Amino acid sequence: MNEDIVELDGAIGGGQVLRTALSLSMITGTPLRIHNIRAKRSRPGLLRQHLTAVLAAAQISAAEVEGAQMHATSLTFRPQAVRGGDYRFAIGSAGSCTLVLQTILPALLRAAEPSRVQISGGTHNPAAPPFDFLDQAWLPLLRRMGAQVELQLHRHGFVPAGGGELEAFIQPSQLLPLHLTERGAITGQHAQVLLAGIAGHVGERELERVGKRLKWAAEDLHCTWLDQSHGPGNILMLTVACEQLTEQFCAFGQSAVRAETVADRAIEALRQWLASEAAVAEHLADQLLLPMALAGTGSFTTTHLSEHLQSNIQVIEAFCPVTVSCTPTGKTLRVEVSSRA
């Protein structure tokens, strides 16, 4: 274990700072001390999904942890070697399974042994990337970088009930550089609505809005009715496949919010990305930065410098021998990771 310690202010960037810092602490073997965790959020400190991420990271790295408790605003994390294996983590709420997975997956790629990870909680949470985003947009790019990872969704889990479960199979892998300066021509598109314990007309209206505003054909519009025990829950996912990558834009149904308004949220996010000419949109940009830093170099174009992207850059540069530059180029922002070694 590295005797130096990285100290971070967790007030800006929310849980993203914590997750990225935990990942890099495990990978580099550098102890971490973080203060003001989620201090600017309406409910500051560690919530269930953040605590589960901390405990999961501690388990796979045999870490010594101080402050691993609900609502804690300070945490000290001292990792040992990361060990692959068979792991199961339960959030105990609808907290995001995908964010817990993204915390430990980069470290498990560096382990000497393969891993099987089961996580229960929320698989489709409005405050996190849904399972489908990881499976269809994020993971294909990680695989291009050399990651050997497979995902399975065993049960959907929406807010507030939770009860979802995903499973990941991770082989030790070396990440290679990836450069995404353009997305290329569109090769396919589809809209997918999931309904669990929600009236069918809600999904029909969401898809009707998509078809009308985006001029997508009926064969590109799909609705899946899940068992009502998986809900209540509703999500609309707009997926666009391009020559270089696949992007996905999501909107969740909410009580007292019209189906058309829900659809408009996803539609507007998609349209902004298309108009920008950027390779990746805001959320994928945020989630590609860490793998590129671990590869030593990489680049992409995105729409703008988000708070999450900015805070991620600060954490990565604190742990890794890389520099991240952000250069405006016309309608896009070019983000480049370069080695300081």
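For the subset of the stretch 314-338 comprising residues that are of a type in the set (S, T, N, Q) and assigned to a strand (DSSP E or B), which member is nearest to L178 (Cα to Cα)?
Narrowing the stretch 314-338 to residues of a type in the set (S, T, N, Q): 314, 323, 325, 327, 329, 332, 338.
Restricting the remaining residues to those that are assigned to a strand (DSSP E or B) gives 323, 325, 327, 329, 332, 338.
Values: T323: 16, S325: 16, T327: 18, T329: 19, T332: 18, S338: 12 Å.
Looking at the filtered set, the residue picked out is S338.
Suppose we filter R143, R83, R88 for residues that are under 23 Å from L180 (Cβ atoms), surrounded by fewer than 23 Cβ atoms within 10 Å (Cβ to Cβ), at pLDDT 95 or above and of a type in the set (D, E, K, R); which single one remains?
Numbers: R83 fails: under 23 Å from L180 (Cβ atoms); R88 fails: under 23 Å from L180 (Cβ atoms).
Exactly one residue qualifies, and that residue is R143.
A count restricted to the stretch 235-272 and to residues that are over 18 Å from the mean Cα position of the chain (by Cα) and part of a helix (DSSP H, G or I) stands at 11.
Each row is one residue, and each column tells you yes or no for (1) in contact with a helix residue (DSSP H, G or I) (Cβ under 9 Å, 6 or more places away or on another chain); (2) surrounded by fewer than 19 Cβ atoms within 10 Å (Cβ to Cβ).
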position: L214; (1), (2): yes, no
position: L236; (1), (2): yes, no
position: V240; (1), (2): yes, no
position: E247; (1), (2): yes, no
position: Q254; (1), (2): yes, yes
position: L270; (1), (2): yes, no
position: L274; (1), (2): no, yes
position: L294; (1), (2): yes, no
position: Q310; (1), (2): no, yes
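Among the residues making up the stretch 285-313, those that are touching a strand residue (DSSP E or B) at 6+ places or on another chain (Cβ under 8 Å) and assigned to a helix (DSSP H, G or I) are A285, L288, L289, P291, M292, A293, A295, L309, I313.
Restricting A21, A39, A58 to residues that are assigned to a loop (DSSP other than H, G, I, E, B) and small (G, A, S) narrows the list to A39.
Condition check ((1) within 26 Å of S93 (Cβ to Cβ); (2) of a type in the set (A, V, I, L, M, F, W, C)) across all residues:
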{"residue": "F158", "(1), (2)": "yes, yes"}
{"residue": "G163", "(1), (2)": "yes, no"}
{"residue": "H179", "(1), (2)": "no, no"}
{"residue": "T187", "(1), (2)": "no, no"}
{"residue": "I198", "(1), (2)": "yes, yes"}
{"residue": "R209", "(1), (2)": "no, no"}
{"residue": "R213", "(1), (2)": "no, no"}
{"residue": "L221", "(1), (2)": "no, yes"}
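Pairing each residue of the stretch 240-253 that is more than 18 Å from P140 (Cα to Cα) with any residue that is surrounded by fewer than 19 Cβ atoms within 10 Å (Cβ to Cβ), provided the two are 6+ apart or on different chains, yields C-beta distances under 6 Å for A251/R265; F252/P126.
I'm checking my understanding of the structure. Among residues of the stretch 168-181 that are assigned to a loop (DSSP other than H, G, I, E, B) and at pLDDT 95 or above, which one is surrounded by the most Cβ atoms within 10 Å (Cβ to Cβ)?
Residues of the stretch 168-181 that are assigned to a loop (DSSP other than H, G, I, E, B), as a first pass: 172-177, 181.
Of the ones still in play, those that are also at pLDDT 95 or above are 172-177.
Working: P172: 15, S173: 18, Q174: 11, L175: 20, L176: 14, P177: 15.
Per the stated criteria, the residue is L175.
Restricting the stretch 65-107 to residues that are part of a helix (DSSP H, G or I) and of a type in the set (S, T, Y) leaves a set whose member that is nearest to G121 (Cα to Cα) is T98.
The values are calculated or read from the model by the stated rules, or taken from the named source; none is laboratory data. This structure is a prediction, so every number in the text was calculated from the model and none was measured. Glycine gets a Cβ as well: all are built from the backbone with ideal geometry, and neighbour counts include every protein chain shown.
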